[in-house]
Amino acid sequence: MTQARDEAADERATRWIAATEDAVRRAMAGDASGHDFWHIDRVRRMALRLAEAEGAERLVVELAALLHDVDDWKLRPDPDAPSRLEAIVLEIEIPAALAARVRQVIDEVSFRGAGVATPVSTIEAAVVQDADRLDAIGAIGIARAFAFGGSRRRALYDPNVEPRVHGSFASYQKDEGTTLNHFYEKLLLLRARLNTRAARTIAEGRHAYLEGFVARFLAEWEGER
Ligand code: ADP
Ligand code: NI
């Protein structure tokens, strides 16, 4: 009896995830700012790996990871645009209580500036936030930062523009600095802002790689190497 019930639940979850994946693929198609479906897929896989280590609920984690960027402010700056998250939630027909848990995770994931705390209230939000942040550092993080900068016509670097510590989400959103400054304004700060031990371990090598890259970039800029 319980086994039959478990199997039915598993089957439903598999259907919800497949439908969500399909909708997210369509939503993110054509992105050239480092937020294509492969970013979503890497975050999903990393989040599930962290969920295993931390005992987070897999279904909530997987759905939230898949949906975490469909309404992101960087990709959809118009605050009056209809929510793609809500459209997908209706389309895939998940129960209201599950949708509420997924929404709560997504609301807590995004970085909002160096001086703005982004606390998480559940272990599911903790692992999805960590997985998203791990994808912003290391070799892939470097590639994504310059892809994002290019998509916004930002300079690689300008020695006359100082990095800033954004004390509010509004000032972080408005900033038009260079991509190299983004390393100081966000990427190099992420290691210290991870929630889980498993993510902190993975971040070590990725953070060192970022530091090495910035040092080498500046040395080449000065013609020292
Ligand atoms: P978050 O919501 O925490 O910002 P996302 O996955 O939506 O996470 O986006 C993070 C990615 O966007 C990072 O890889 C980062 O490099 C890129 N990004 C955001 N702002 C900038 C910027 N000002 N310059 C360069 N890259 C940026
Ligand atoms: Ni993301």
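Quick notes on this one:
- Residues of segment 133-149 satisfying the condition of being open to solvent by 30 Å² or more (accessible area, probe 1.4 Å), within 11 Å of ligand 1 (Cβ to nearest atom) and touching a residue at least 40 places away in the same chain (Cβ under 8 Å): Ile140, Ala143, Arg144, Ala147, Phe148
- In segment 107-132, the residue that is farthest from ligand 1 (Cβ to nearest atom) out of those that are under 17 Å from Arg206 (Cβ atoms) and among the acidic types (Asp, Glu) is Asp130.
- Residue within segment 83-92 that is more than 20 Å from Ala199 (Cβ to Cβ), of a type in the set (A, V, I, L, M) and within 15 Å of ligand 1 (Cβ to nearest atom) present: yes
- Candidate set from segment 151-182 (those that are without any contact (Cβ under 8 Å) to a residue 24 or more places away in the chain and open to solvent by less than 60 Å² (accessible area, probe 1.4 Å)); member that is nearest to ligand 2 (Cβ to nearest atom): Asp175
- Considering residues of segment 186-196 that are touching a residue at least 24 places away in the same chain (Cβ under 8 Å) and out of contact with any helix residue (DSSP H, G or I) (no Cβ under 8 Å at 6 or more places or on another chain) only, the residue most open to solvent (accessible area, probe 1.4 Å): Leu189
- Qualifying residues in segment 15-47 (those that are farther than 29 Å from Gly149 by Cβ and open to solvent by 20 Å² or more (accessible area, probe 1.4 Å)) - the one farthest from ligand 1 (Cβ to nearest atom): Arg15
- Residue selected from segment 53-78 under the condition more than 25 Å from Ala145 (Cβ to Cβ) and of a type outside the set (A, V, I, L, M, F, W, C), by the criterion surrounded by the fewest Cβ atoms within 10 Å (Cβ to Cβ): Gly55
- So Gln129, is it surrounded by 19 or more Cβ atoms within 10 Å (Cβ to Cβ), part of a helix (DSSP H, G or I) and touching a Ser or Thr at 6+ places or on another chain (Cβ under 8 Å): yes
The values are calculated or read from the model by the stated rules, or taken from the named source; none is laboratory data. Model, not experiment: these values are computed from the prediction. Every residue, glycine among them, receives a Cβ derived from its backbone with ideal geometry; neighbour counts consider all protein chains shown. Side chains are part of the model used for accessible areas, which takes the heavy atoms of the whole protein and leaves out ligands, DNA and RNA. Shrake-Rupley method; radii C 1.70, N 1.55, O 1.52, S 1.80 Å.
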